[in-house]
Amino acid sequence: MGRWEPDAQGRMIRAAMDLFAERGFDRTTAGDIAERAGVTERTFFRHFTDKREVLFAGSDVMERTAHDAIAAAPADLAPLDAALTGMVAAGGLLAERHEHAVRRARIIAVNPSLHERELLKLAALTEATAGALRGRGVTEPTASLAAHSAVTVFHVAFARWVSTDEPPGFAECVADAAAALRELT
């Protein structure tokens, strides 16, 4: 496949996922991914800072999506409900990517070196959520508590969503996890 072929980033992501599954994350190099995708290593580094970022591409889009959904939520929603609106919107980005999400989750689960990056991604989503709530006029500590709670609900919903071959919709997973959270009080 020549370098001129379209969707270089998509090809690199697919190649990386295949190689991580075949060889393991630690035994796959950026050069291996580039070669499998039919691009140069230089092209790989134009798209990703390192091979870990292949697994975390799109985190910024997820943060913006959550932020924008929270900002656009009805003004009368309670802070937690507004934050959960953002989690449903962010999860909506995954709707057509279940198989990819399952493979990604498995790769991260068996590679402790990736756990930290996953936690950083969740922390950034939490900050984006809290920022959106503060933009709605929610004060501290309520904004932070609602943001942390909503991202925890997202995390629990995601774990459920990737743990089955035919999961319910992501919004339903969020609703179920949020209901369980509310039962704690």
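Things worth noting here:
- In percent, rounded to a whole number, the relative contact order of the stretch 64-177 is 34, using alpha-carbon pairs under 8 Å and six or more apart.
- Taking a span of 27 Å or more along the helix axis (Cα atoms) and a mean Kyte-Doolittle hydropathy of at least -0.5 as the rule, the DSSP H helices of the chain that qualify are 112-135, 142-162.
- Taking a ≥ b ≥ c as the square roots of the eigenvalues of the alpha-carbon gyration tensor, the stretch 96-185 is classed oblate because a/c is 1.5 or more while a/b is no larger than b/c.
- Computed over protein heavy atoms with a 1.4 Å probe, the accessible surface of the stretch 45-185 works out to 53 Å² per residue.
- Computed from point charges on the beta carbon alone (+1 for Lys and Arg, -1 for Asp and Glu), the dipole magnitude for the chain about its Cα centre is near 460 Debye.
- Distance in nm between pseudo-label sites at D68 and E22 (7 Å out along the Cβ direction from Cα): 3.7
- Dipole moment magnitude, nearest 20 debye, the stretch 1-85 about Cα centre, only Lys, Arg, Asp, Glu C-beta charged: 420
- Residues L119 and F45, FRET efficiency given R0 of 25 Å [Cβ-Cβ distance, rounded to 0.05]: 0.50
- Pair L145, R106: separation of 7 Å Cα→Cβ label points (nm): 4.1
- Residue-averaged [θ]222 nm for the chain, counting only DSSP H segments that reach four residues, each worth -39500 (n - 2.57): -23500 deg cm²/dmol
- With DNA, RNA and ligands ignored, accessible area of D50 (1.4 Å probe; Å², nearest 10): 40
- Loop-located trypsin sites (Lys or Arg not before Pro) in the stretch 76-153 (DSSP state other than H, G, I, E, B) with a sparse environment of at most 13 neighbouring Cβ atoms within 10 Å: R97.
- Loop-located trypsin sites (Lys or Arg not before Pro) across the stretch 1-94 with a Cβ neighbour count of 12 or fewer within 10 Å are R3, R27, with loop assigned by DSSP.
The values are calculated or read from the model by the stated rules, or taken from the named source; none is laboratory data. Just so it is clear, the model here is predicted, and its values are computed rather than measured. Glycine gets a Cβ as well: all are built from the backbone with ideal geometry, and neighbour counts include every protein chain shown. Calculation scope for accessible area: heavy atoms of the full protein, side chains included, ligands and nucleic acids excluded. Shrake-Rupley method; radii C 1.70, N 1.55, O 1.52, S 1.80 Å.
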